[in-house]
Amino acid sequence: MKSLLAALVFSVALPAVAQPAPAKVERAWARSTVQGQDSTGAYMTLTASEPLTLLGAATPAAGIVEIHQMKMEGDIMKMRAVDALPLKPGAPLLFAPNGYHFMLMDLKAPFRAGGSIRMTLRFRDAKGAERTQDVTVPVALAAPGGHGH
Ligand SMILES: [Cu+2]
């Protein structure tokens, strides 16, 4: 029974290893928190190599992760949750303060600059199959790499 289970796990795990990452992830970072703060933003640039829809993300560091969009409505900056985001192959999609971002809520511990969190991005590909991608996201006070956009 044990060896059958091991074989099953192996055969299930194998295709995931062989599959290339659905998207290129660049400039990932999450904003560090101050005492008592229980939500923060995570940012990155995603470039898909095939048509993808971003469905969401998860991290052990937060109870809830939502895709948010910041938008000016008149003179007021408003934030709203987005269900899913289409990614065009080769067209970088920016997650940045004042734009799309991952809203991390119900944080399990303070986010300290210099540390990092693990995030799992969830996509749907053109065939309707769900794909996931693990990302290591450094925690920082501000966007790394100066003023690059
Ligand atoms: Cu937000």
Counting sequence-distant residues (5 or more places) and residues on other chains, those with an amide H built under 5 Å from that of Ala62 are Lys108
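In the structure displayed, which of Lys78/Lys108; Lys71/Lys127; Lys24/Lys127 lie more than 24 Å apart, Cα to Cα?
Details: Lys78/Lys108 26 Å; Lys71/Lys127 32 Å; Lys24/Lys127 19 Å.
Violating the 24 Å Cα-Cα cut-off are Lys78/Lys108; Lys71/Lys127.
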Within the range 104-118, which residues have the backbone N less than 12 Å from the label spot 7 Å out from Gln37 along Cα→beta-carbon, could you tell me? 104, 110-113
Taking r as the C-beta separation of Ala129 and Glu73 and R0 as 30 Å, the FRET efficiency to the nearest 0.05 is 0.25
Given a 1.4 Å probe, how much area per residue of the range 24-138 is accessible, in Å²? 55
Span per principal axis, largest first, for the Cα atoms of the range 42-129 (Å): 38, 36, 21
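The values are calculated or read from the model by the stated rules, or taken from the named source; none is laboratory data. Values in this document were obtained by computation on a predicted structure and should not be read as measured data. Note that each Cβ is placed from the backbone with ideal geometry, even for glycine, and that neighbours are counted across all protein chains shown. Ligands, DNA and RNA are excluded from the accessible area calculation, which covers all protein heavy atoms including side chains. Shrake-Rupley method; radii C 1.70, N 1.55, O 1.52, S 1.80 Å.
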